[in-house]
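Asker: One structure coming up, written as structure tokens, with questions to follow.
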Amino acid sequence: MSVVTFDRALFAFTIGSHIIIVSISISIVLFITILEGLFLFRRKNRYSELIYRLKRVFVISFGVGTASGIVMAVELVNLFPGFMTLLSETGAINLFYAEVFAFFLETIVLVVYVYFEGAYKWKYSNLVFSSLILLGTLLSAVFITLVNAWMNTPNGFNISVYEATGKVTGVSPWAPFLTSSGFSEAVHVTTTTVFAGVMIWCAYFAYKYLRESDSANKILYGVMVKMASISSIVTIILAGVTGSGEMTTLLSNQPLKYAALDANYFPGTNAPERLFGSIVNGHFVGGIQIPGLQSLLATVETGIKLLPGLSQFPSTDWPPLWVHTTFDIMVTGGLLLGLFLFILFILFLTKRDLLKYRWLLWTQVAAGLSALVVYEIGWVTDEVGRQPWIVYNVMTVSKAANYSSGQLAPGYFIIAFYLVLIPATFYFYDRIFHTIPESSLHNRKRGVEH
């Protein structure tokens, strides 16, 4: 394995681990905010206890996520110094500063929310604090995603001069906030991240409900199963809508990546939708083709009739063509999850109690794990689909990378560390949530009468 390949693999592993914590953290704050609203208007003890438990879980998640984010920041500087230099020179680094301020908002309000509960007499204070924490977490995700959007569709400097001379000129430092792919990518990544998180929690609560014998805990798990299920239905609809916009942006701004994902070797009209299979010597083999469907979808969504093909671009610029398979797995997985959640939606409409269907709860456990896999594969598809570029059509990964072998030893240590950290974090999530809260003291603070 070359040093550059190791750099790619290490950062991919790190970010793949980090986004698990991120998606879970955002979904926890979403649940807490919903519960704060429910408690405010219904004053039920169950909501108070759930808030208490989830707050403690979030503190752990926040700490682990913060430490993991620092690891990622160090890796960016260490593994891809050329990329970080370009970020600084073009002003795109301002996106990281914006993310830091969003993190400050989340951190400061979290301290007030956790340690000064009851100090504020305004009855809406807890709801406002939890909402501000949710806002901070979402803004952090948005600004980090905007960095990725800038990598896909760079702007804010004279690209032609940079390609010719290697010098950064004509800098517009605020332009990276408004790239052509920024909005579509930010809303899609945010919705899919929340979706993955709520599905993971839904799997956890469904499993605990099935296994729990204590009636008091079973009630709490049941509340969370229903809340997570409704949240999943809402977020997968948003993910589907925003995903359509993401493909539209991809076709307009990254035609080579689009051609690789849809396995188009030759440009043309009336292109079929190709499922699985692969391109061999310019021909699509081993998969399914639905005549005309790809062109129909592209025309309806973008008005573009002539679709790009790989043959239009130098083969040295092609990403690995297996991204077509990961793209199909992502889309197929998303459709199957959507079908399952449509069944849940029908149950809610017909006022059925989903907790009575054990097979449905076990399916939720499997669906939650599947959602995590689909989410990770989506990131792999997006990032590998941009290869060999770290900044599309501007800087290759090989140009940005650090060729020193000095990061190999700490890199392997980081991989080993995450292999322990992620399961340990989930273990402590479970232990902390399952611990019986000091109900009487906590509920007196919140004005709950037993």
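Please treat every number below as a calculation from the coordinates, not as lab data. Since we're looking at a predicted model, the values are computed, not measured. FYI the Cβ positions are ideal-geometry reconstructions off the backbone, even for glycines, and counts take in every protein chain you see.
Asker: Skipping prolines and chain starts, which residues have an amide H placed within reach, meaning under 5 Å, of the one on Ile390, given they are 5 or more residues away or on another chain?
Answerer: Met395, Thr396, Val397
Asker: Under the Karplus relation 6.51 cos²θ - 1.76 cosθ + 1.60, θ = phi - 60°, what is the ordered set of whole-Hz ³J(HN,Hα) values for the stretch 260-267, x standing for Gly and Pro?
Answerer: For the stretch 260-267, the Karplus-derived couplings read 5, 5, 9, 6, 8, 7, 9, x Hz, x marking Gly and Pro.
Asker: What number, rounded to the nearest 500 deg cm²/dmol, is the helix-based mean residue ellipticity at 222 nm of the chain, given -39500 (n - 2.57) per DSSP H run of at least four residues and division by all its residues?
Answerer: Details: 15 runs with 321 residues, N = 450.
Rounded to the nearest 500, the figure is -25000 deg cm²/dmol.
Asker: Now for a separate question. Please list 3J(HN,Hα) in residue order for the stretch 426-434, calculated via the Karplus relation 6.51 cos²θ - 1.76 cosθ + 1.60 where θ = phi - 60°; whole Hz, with x for glycine and proline.
Answerer: Using θ = phi - 60°, the values come out as 4, 4, 6, 3, 5, 5, 5, 5, 7 Hz.
Asker: Still on this structure, please answer the following. Only Cα pairs under 8 Å and at least 6 apart count here; give the relative contact order of the stretch 155-313 as a rounded whole percent. Before the final figure, lay out the partial values.
Answerer: Details: 193 pairs, mean separation 29.0, N = 159.
Value for the stretch 155-313: 18 percent.
Asker: How many angstrom separate the Cα center of the stretch 187-244 from the Cα center of the stretch 268-309?
Answerer: The stretch 187-244 and the stretch 268-309 have Cα centres spaced 34 Å from each other.
Asker: To the nearest 10 degrees, how steep is helix 94-115 against the longest Cα principal axis of the chain, on a 0 to 90 scale?
Answerer: Roughly 10 degrees, rounded to the nearest 10.
Asker: Hey, which aspartates and glutamates would be in cross-link range of Lys356, C-alpha to C-alpha under 16 Å, not counting anything within fewer than 8 residues on its own chain?
Answerer: Glu212
Asker: For Kirkwood radius over Cα pairs in Å, pick the label among (i) 29.8; (ii) 30.7; (iii) 23.7 that corresponds to the value derived from the coordinates.
Answerer: Read-out from the structure maps to (iii).
Asker: Helix 215-253 versus the longest principal axis of the chain: what angle, 0 to 90°, nearest 10, using Cα atoms?
Answerer: 20
Asker: Separate question: Please list, by residue number, every one of the trypsin sites (Lys or Arg not before Pro) in the stretch 225-333 that is coil in DSSP and has at most 15 other beta-carbon atoms within 10 Å.
Answerer: Lys305
Asker: To continue, here is another question. Listed here are the pairs Lys123/Lys218; Lys218/Lys351; Lys55/Lys399; Lys305/Lys399; which of them are more than 32 Å apart at the Cα?
Answerer: Lys55/Lys399; Lys305/Lys399
Asker: Same structure, new question: Relative contact order for the chain: what is it in percent, counting Cα pairs under 8 Å that are at least 6 residues apart? Show your work: numbers first, answer last.
Answerer: Working: 598 pairs, mean separation 99.7, N = 450.
Reported relative contact order: 22 percent.
Asker: What net charge do the residues around Val3 carry, taking every other residue with its C-beta under 15 Å from that of Val3, with Lys and Arg at +1 and Asp and Glu at -1?
Answerer: Working: positive: Arg8, Lys399; negative: Asp7, Glu75.
Around Val3, the surrounding residues sum to 0.
Asker: Let me ask something else. Could you line up Lys167, Lys55 from fewest to most neighbouring Cβ atoms inside 10 Å? Kindly include the intermediate steps, with their values, before the conclusion.
Answerer: Values: Lys167 10, Lys55 21.
With the fewest neighbours first, Lys167, Lys55 line up as Lys167, Lys55.
Asker: For the stretch 32-81 and the stretch 147-162, what is the separation of their Cα centres, given in Å?
Answerer: Centre-to-centre distance over Cα atoms comes out at 33 Å.
Asker: What's the exposure ranking of Val112, Val241, going from fewest to most Cβ atoms within 10 Å?
Answerer: In increasing order of surrounding Cβ atoms, one gets Val241, Val112.
Asker: Another one. Rank Gln364, Gln254, Gln312 by mean-square fluctuation in a GNM of the chain with C-alpha springs under 10 angstrom and give only the top-ranked residue.
Answerer: Gln312
Asker: Something else about it: In a shell of Cβ-Cβ distance under 15 Å around Tyr429, excluding Tyr429 itself, what net charge do Lys and Arg (+1) and Asp and Glu (-1) give?
Answerer: That sum, taken over residues with Cβ under 15 Å, equals +4.
Asker: At most 14 other C-beta atoms within 10 Å and a DSSP loop state: those are the exposed GluC sites (Glu not before Pro) I care about. Give me the longest piece of the chain that has none.
Answerer: The segment 1-437 is the longest one with no such site.
Asker: Rg over Rh of the stretch 34-104, using C-alpha atoms and the Kirkwood radius, what does it come to?
Answerer: 1.25
Asker: Here's a follow-up. Around Ile60, under 14 Å between beta carbons, what's the net of Lys plus Arg minus Asp minus Glu among the other residues? Walk me through the intermediate numbers first.
Answerer: Values: positive: Arg53, Lys55, Arg56, Arg431; negative: Asp430.
Charge balance near Ile60 sits at +3.
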